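Asker: Handing you this structure, nothing more for now.
The values are calculated or read from the model by the stated rules, or taken from the named source; none is laboratory data. A quick note: this is a predicted structure, and the numbers were derived from the prediction, not measured. Cβ placement follows ideal geometry from the backbone for every residue including glycine, while neighbour counts extend to all protein chains displayed.
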């Protein structure tokens, strides 16, 4: 039964690459012509899922085009921009090294300046490793072509439960991470069976760079070891491919795996929409109130929009939790419209205790008591009893502040 479901799903998600590939070739041809005109030592290189043949059919496609610089320049992004602006109307996206986006119909072309390196140790930026990632994955797929289909199933499954993407607003599996995981576990089913059993941190070293797990924990930067799965990069042993994966996202994925294995269904490869009517009914049954904020942003790239909107959602959630009992929250991101519904199910607090400074910080205590009249001390911490705020007053008091913060974040609220 499961094999039949996976076969059907593969037929659904395998894209016709001919149109994407022909357009990509035209774009690269234009860029290379301008590179020659400006006499720059740069090579255009197709990367990402398109190069590895692991691209899945989606509403929108991302195509990575790496601009490989022979030597490091003072500002590679500025040089790349001068070339690209002669060819297209592009948007510059700020990051650890700025890159550029061209939207053409349903395709987002990302132009990423990188440095040509002989050894991953010489990478000046994480993106400099990208060609090595392409070579590693394509080499494995060439040895076992069926791996590409297993990878596509994993990407489709992760996308369905909103765990696909290493962006901050997702904190999930990057495309390269899923490729490495499937290469390691050898099939989609073996991978989800392992993750469905997740209880404690998983440590994987596909290319056996280290003698044991202890060596891994010593050699990889401590700040990159917080993720629930540590996956040693096959091409650079000092990097954790899954450093961006958070526990909440992994647990969501693990639950999805368990559910599918228990009751296999092709519907589990389709992303479920947030059911507002269902949420309204649940809120009513709990005698709670429903709070919805509509937000949107102006940017050319949906993942950048998602990151901005999720950041504002977290800001709203933080302030709501301070004043109310938050029962449920939903971030409903619309990739087509670069907008989001921020949904909160709340109940008014029966009492409101505000935590203040430690008792020994006399000046801070003095300021705290000026603002809060009804104070008390517990375990050497000063607290205040405040009258719980009503939803009406909360919305009135926070309206202008929320708009200011939204504006600072480049969001329309």
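Asker: Examine the range 160-177 for a residue that is under 30 Å from residue 254 (Cα atoms), out of contact with any strand residue (DSSP E or B) (no Cβ under 8 Å at 6 or more places or on another chain), crowded, with 23+ Cβ neighbours inside 10 Å and free of Cβ contacts under 8 Å to residues at least 60 places away in the same chain, and state whether such a residue exists.
Answerer: No, because not a single residue in the range 160-177 is under 30 Å from residue 254 (Cα atoms), out of contact with any strand residue (DSSP E or B) (no Cβ under 8 Å at 6 or more places or on another chain), crowded, with 23+ Cβ neighbours inside 10 Å and free of Cβ contacts under 8 Å to residues at least 60 places away in the same chain.
Asker: A further question follows. Within the range 7-44, how many residues turn out to be touching a residue at least 60 places away in the same chain (Cβ under 8 Å) and part of a helix (DSSP H, G or I)?
Answerer: Residues that pass the stated criteria total 10.
Asker: Are any of the residues in the range 121-139 more than 22 Å from residue 175 (Cα to Cα) and either touching a strand residue (DSSP E or B) at 6+ places or on another chain (Cβ under 9 Å) or not assigned by TED's automatic domain parsing to the domain that holds residue 24 (or both)?
Answerer: Of all residues in the range 121-139, those more than 22 Å from residue 175 (Cα to Cα) come to 121-122.
Cutting the leftovers down to either touching a strand residue (DSSP E or B) at 6+ places or on another chain (Cβ under 9 Å) or not assigned by TED's automatic domain parsing to the domain that holds residue 24 (or both) gives us 121-122.
Scanning the range 121-139 turns up at least one residue that is more than 22 Å from residue 175 (Cα to Cα) and either touching a strand residue (DSSP E or B) at 6+ places or on another chain (Cβ under 9 Å) or not assigned by TED's automatic domain parsing to the domain that holds residue 24 (or both).
Asker: Scan the range 188-239 residue by residue and report those that are more than 22 Å from residue 148 (Cβ to Cβ), assigned to a helix (DSSP H, G or I) and in contact with a strand residue (DSSP E or B) (Cβ under 9 Å, 6 or more places away or on another chain).
Answerer: Once the filter is applied, which keeps residues that are more than 22 Å from residue 148 (Cβ to Cβ), assigned to a helix (DSSP H, G or I) and in contact with a strand residue (DSSP E or B) (Cβ under 9 Å, 6 or more places away or on another chain), the range 188-239 yields 213, 216, 217, 219, 224.
Asker: Just to be sure, is residue 112 touching a residue at least 40 places away in the same chain (Cβ under 8 Å), under 20 Å from residue 235 (Cα atoms) and assigned by TED's automatic domain parsing to the domain that holds residue 166?
Answerer: Here the answer is no, as residue 112 does not meet what is asked.
Asker: Can you pull out every residue in the range 311-343 that is surrounded by fewer than 20 Cβ atoms within 10 Å (Cβ to Cβ) and outside any strand (DSSP E or B)?
Answerer: 311, 314, 315, 317, 318, 319, 321, 322, 335, 336, 337
Asker: Those residues that are farther than 16 Å from residue 256 by Cβ and more than 21 Å from the chain's Cα centre (by Cα), I need them from the range 175-189; list them, please.
Answerer: 183, 184, 185, 186, 187
Asker: Now for a separate question. State all residues of the range 67-105 that are out of contact with any strand residue (DSSP E or B) (no Cβ under 6 Å at 6 or more places or on another chain), under 17 Å from residue 299 (Cα atoms) and surrounded by fewer than 16 Cβ atoms within 10 Å (Cβ to Cβ); if no residue qualifies, say none.
Answerer: The answer is 89, 94, 95, 104, 105.
Asker: Also, I was wondering about something else. For the range 71-94, state whether one or more residues are part of a strand (DSSP E or B), touching a helix residue (DSSP H, G or I) at 6+ places or on another chain (Cβ under 6 Å) and at pLDDT 95 or above.
Answerer: No, the range 71-94 contains no residue that is part of a strand (DSSP E or B), touching a helix residue (DSSP H, G or I) at 6+ places or on another chain (Cβ under 6 Å) and at pLDDT 95 or above.
Asker: So residue 283 clears everything in (1) outside the structural domain of residue 154 (by TED's automatic domain parsing); (2) farther than 25 Å from residue 99 by Cβ; (3) in contact with a helix residue (DSSP H, G or I) (Cβ under 8 Å, 6 or more places away or on another chain); (4) crowded, with 17+ Cβ neighbours inside 10 Å except one condition, right? Which one?
Answerer: (3)
Asker: Which residues, counting only those in the range 345-366, are part of a loop (DSSP other than H, G, I, E, B) and at pLDDT below 90? Give the steps one after another, and end with the answer.
Answerer: Let us first name the residues in the range 345-366 that are part of a loop (DSSP other than H, G, I, E, B), namely 349-351, 359-361.
Selection gives 349, 350, 351.
Asker: What number of residues within the range 251-281 satisfy the criterion of being part of a helix (DSSP H, G or I) and out of contact with any strand residue (DSSP E or B) (no Cβ under 7 Å at 6 or more places or on another chain)?
Answerer: Summing the residues that are part of a helix (DSSP H, G or I) and out of contact with any strand residue (DSSP E or B) (no Cβ under 7 Å at 6 or more places or on another chain) in the range 251-281 gives 20.
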